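A.B. asks: Below you'll find the structure I mean.
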Amino acid sequence: DGGITQSPKYLFRKEGQNVTLSCEQNLNHDAMYWYRQDPGQGLRLIYYSQIVNDFQKGDIAEGYSVSREKKESFPLTVTSAQKNPTAFYLCASSSRTGTAEAFFGQGTRLTVV
Amino acid sequence: DAKTTQPTSMDCAEGRAANLPCNHSTISGNEYVYWYRQIHSQGPQYIIHGLKNNETNEMASLIITEDRKSSTLILPHATLRDTAVYYCIVRALSNSGYALNFGKGTSLLVTP
């Protein structure tokens, strides 16, 4: 089935460690996005990429890094510089033409202890 | 993209129609209205979108006023599984490929 897959669903890390969240899509979408969601809050944009080998910072990029080496993949690294990394992370993709509705993965819940 | 305003929360009895309003008074002519919903601890799910005509699909109906300054998402026979946060988003086609701007949405509680 076509879709967008995030892994793992739950992730625990010690403070000070970098951690990479996976996002893969087989929808042939050019654009991919990473959002962060805190309890009771809306989604905030971390990074987005409209095409392979290109990406832009969103509203809360500090402490995060991304790469887009393949169309299908857009991994997010949460670095030790991120002050409050514990959150729910959501990846999405969309086409760059037409009405471009976004498709979301099921999310990764990261807990840093 | 134009700003939207939605009520913070709403209740609906199971089996009744749920009517979720959205105000987008500054919408411009080339901007579409999109609706998404997010069930607790899951990723948001696309529901429907429209420009100026009313739209219907297997999930919901979207009614857009003639002046396009507001819209209503209708779930015709709400079930307990429709309990979720519903987001109304306005976006121009020229911004396809740019991230959707999610606000706080409306938290819909469907009760037995």
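The values are calculated or read from the model by the stated rules, or taken from the named source; none is laboratory data. Predicted model only: the values in this text are computed from it and were never measured. Ideal geometry is used to build each Cβ from the backbone, glycine not excepted, and the neighbour counts take in all protein chains shown.
A.B. asks: Confirm whether A:R109 is over 28 Å from B:T5 (Cβ atoms), modelled with pLDDT of 90 or more and not in a strand (DSSP E or B). Walk me through it before giving the result.
C.D. replies: Details: over 28 Å from B:T5 (Cβ atoms): yes; modelled with pLDDT of 90 or more: yes; not in a strand (DSSP E or B): no.
Answer is no for this residue.
A.B. asks: Among (1) surrounded by 22 or more Cβ atoms within 10 Å (Cβ to Cβ); (2) among the aliphatic types (A, V, I, L, M); (3) out of contact with any Leu (no Cβ under 6 Å at 6 or more places or on another chain), where does A:L21 come up short?
C.D. replies: A:L21 satisfies every listed condition except (3).
A.B. asks: Is the range A:63-70 home to any residue that is in contact (Cβ under 8 Å) with a residue 24 or more places away in the chain and under 27 Å from B:T106 (Cβ atoms)?
C.D. replies: no
A.B. asks: Right, here's the next one. Can we say A:F103 is hydrophobic (A, V, I, L, M, F, W, C), over 20 Å from B:G43 (Cα atoms) and more than 10 Å from the chain's Cα centre (by Cα)?
C.D. replies: Numbers: hydrophobic (A, V, I, L, M, F, W, C): yes; over 20 Å from B:G43 (Cα atoms): no; more than 10 Å from the chain's Cα centre (by Cα): yes.
No; evaluated as a whole, the condition is false for this residue.
A.B. asks: While we're looking at this one, here's another question. I'd like to check which strands (runs of 3 or more DSSP E) are fully inside the range A:12-69 and have at least 3 residues that are touching a strand residue (DSSP E or B) at 6+ places or on another chain (Cβ under 6 Å) and within 11 Å of another protein chain (Cβ to nearest Cβ).
C.D. replies: In the range A:12-69, the matching strands (runs of 3 or more DSSP E) lie at A:31-37, A:43-51.
A.B. asks: With respect to the numbered conditions (1) more than 11 Å from the chain's Cα centre (by Cα); (2) of a type in the set (V, I, T); (3) closer than 17 Å to B:C22 by Cβ, which one is the sole condition not fulfilled by B:T79?
C.D. replies: (3)
A.B. asks: Still on this model: Looking at (1) within 30 Å of A:F55 (Cβ to Cβ); (2) modelled with pLDDT under 95, find the lone condition where B:G29 falls short.
C.D. replies: B:G29 satisfies every listed condition except (1).
A.B. asks: Let me ask another. Consider A:T97 carefully, then state whether it is in contact with a Leu (Cβ under 9 Å, 6 or more places away or on another chain) and not in a loop (DSSP other than H, G, I, E, B).
C.D. replies: Judged against the criteria, A:T97 is not a match.
A.B. asks: Pick out the one residue from B:A92, B:A99 that is at pLDDT below 95 and facing chain A (nearest Cβ under 9 Å).
C.D. replies: Only one candidate qualifies: B:A99.
A.B. asks: Starting from the range B:26-51, take each residue that is more than 8 Å from chain A (Cβ to nearest Cβ) and list its partners that are among the charged types (D, E, K, R) and not in a strand (DSSP E or B), counting only C-beta distances under 6 angstrom and pairs at least six apart or across chains.
C.D. replies: B:I27/B:R68
A.B. asks: Applying the selection to the range B:21-54, what residues are closer than 16 Å to A:A102 by Cβ and of a type in the set (K, R)?
C.D. replies: B:R37
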